[in-house]
Amino acid sequence: MSLGKLYLIPVPLAEEAADASFTHFHYELINQLDEYIVENEKTARKFLKQSGLKRPQSELIIHDYGKHIRSKEYKVDFLAAAMKGKDVGLMSEAGCPGVADPGADIVADAHKKGIQVIPLVGPSSILLALMASGFNGQRFAFHGYLPIDKAERTKRVKELEAISLRDKQTQIFIETPFRNNQLLAELIRSCKPQTKICVASNLTSKEEFILSLPVSKWKNKEIDLHKKPTIFLLFA
């Protein structure tokens with residue numbers, strides 16, 4: 001019996017960006033698959049509706065890995081159907097599956113089991129921010145979240161600045177949206193005046209905001225990033 005395929009299906013970053021995020025193949029594939037592995041079932045069902053799903057959603061099989069895959073006590077084979085020859089879709093809550101997303105564990109498992117992995121074209125907030133920053137796009141690193149502790153965060157910011165200066169490498173990181181303003185304040189306070197900071201917020205939405213400036217000029221800016229999905233980039 002031949003194995004099924006695992007399709008990695010990106011999800012739009014903003015509601016109104018759905019049409020700009022899809023290709024014709026997305027529409028075709030979504031109406032072929034009836035089983036999905038998703039980070040957030042509510043988000044996934046909304047996405048499928050927006051993308052032109054024709055079949056009733058009651059016919060879909062949806063496995064929610066966001067709540068369960070991190071639990072050592074929860075044991076489920078998300079790829080059981082693929083092992084029996086059925087194609088399955090993997091979706092993150094927003095953006096690309098497996099990138100800053102626990103779905104990477106499922107992709108790794110697919111490779112171990114010999115299941116073909118097929119990534120689809122779609123939006124990645126990390127790459128969109130890098131593209132728009134004007135910083136080095138040939139050498140960069142994504143660090144996820146910085147430490148919450150103030151002293152540790154300050155230390156880490158200075159470390160990343162030093163790495164960027166030494167290696168000419170763009171440093172990329174994120175923060176929980178309700179702490180965005182505090183992180184920007186930390187960057188302005190801790191980095192050297194000539195170090196460049198890019199803030200990329202609400203990407204692909206009507207409220208999209210992208211600005212790259214030296215720290216010295218950020219000190220004169222007043223912006224509110226509270227509860228807005230934001231990517232931070234640093235280049236020294």
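The values are calculated or read from the model by the stated rules, or taken from the named source; none is laboratory data. Everything numeric here is computed off the predicted structure, so don't read it as measured data. Please note: Cβ atoms are built from the backbone with ideal geometry, for glycine as well, and neighbour counts cover all protein chains shown. With ligands, DNA and RNA removed, areas are computed over all heavy atoms of the protein, side chains included. Shrake-Rupley method; radii C 1.70, N 1.55, O 1.52, S 1.80 Å.
Quick notes
- Yes/no for SER71 being assigned to a loop (DSSP other than H, G, I, E, B), out of contact with any Leu (no Cβ under 7 Å at 6 or more places or on another chain), at pLDDT 90 or above and of a type in the set (Gly, Ala, Ser): no
- Cβ separations smaller than 9 Å between residues 6+ apart or across chains give the following pairs from the stretch 114-142 residues that are within 22 Å of PHE25 (Cβ to Cβ) and open to solvent by 20 Å² or more (accessible area, probe 1.4 Å) to residues that are among the basic types (Lys, Arg) and at pLDDT 95 or above: GLN116/LYS5; VAL117/LYS5; ILE118/LYS5.
- Yes/no for ILE126 being β-branched (Val, Ile, Thr), in contact with a Phe, Trp or Tyr (Cβ under 8 Å, 6 or more places away or on another chain) and under 22 Å from ILE231 (Cβ atoms): yes
- Filter result for the condition that a residue is among the aromatic types (Phe, Trp, Tyr), farther than 14 Å from HIS143 by Cα and within 22 Å of the chain's Cα centre (by Cα), over PHE178, PHE173: PHE178
- The single condition among (1) among the β-branched types (Val, Ile, Thr); (2) closer than 22 Å to VAL99 by Cα; (3) modelled with pLDDT of 95 or more that THR195 does not meet is (2).
- Filtering the stretch 151-178 to residues that are more than 22 Å from GLY134 (Cα to Cα), touching a residue at least 24 places away in the same chain (Cβ under 8 Å) and not aromatic (Phe, Trp, Tyr) leaves ARG153, THR154, THR176, PRO177.
- The one condition from (1) under 24 Å from ASN220 (Cα atoms); (2) in contact with a Ser or Thr (Cβ under 6 Å, 6 or more places away or on another chain) that ASN136 does not meet is (1).
- Scope the stretch 31-59; condition open to solvent by 40 Å² or more (accessible area, probe 1.4 Å) and small (Gly, Ala, Ser); matching residues: SER58
- Residue ID - farthest from LYS113 (Cα to Cα), chosen from residues in the stretch 1-26 that are assigned to a helix (DSSP H, G or I) and touching a Leu at 6+ places or on another chain (Cβ under 9 Å): ALA17
- First in the stretch 85-103 and within 18 Å of SER205 (Cβ to Cβ), second anywhere and acidic (Asp, Glu), Cβ under 7 Å, 6 or more apart: SER92/GLU39; SER92/ASP101; GLU93/GLU39
- Condition met for ALA108 (free of Cβ contacts under 8 Å to residues at least 12 places away in the same chain, of a type outside the set (S, T, N, Q) and open to solvent by 30 Å² or more (accessible area, probe 1.4 Å)): yes
- Scanning the stretch 19-30 for residues that are surrounded by fewer than 17 Cβ atoms within 10 Å (Cβ to Cβ) and among the hydrophobic types (A, V, I, L, M, F, W, C) gives ALA20, PHE25.
- Each residue in the stretch 143-155 was checked for being surrounded by 13 or more Cβ atoms within 10 Å (Cβ to Cβ) and either among the acidic types (Asp, Glu) or under 22 Å from VAL99 (Cα atoms) (or both), and 3 of them qualify.
- If you go through the stretch 179-203 and keep only what is surrounded by fewer than 21 Cβ atoms within 10 Å (Cβ to Cβ) and over 14 Å from PHE135 (Cβ atoms), you end up with ARG179, ASN181, GLN182, LEU184, ALA185, GLU186, ILE188, ARG189, SER190, LYS192, PRO193, ASN202.
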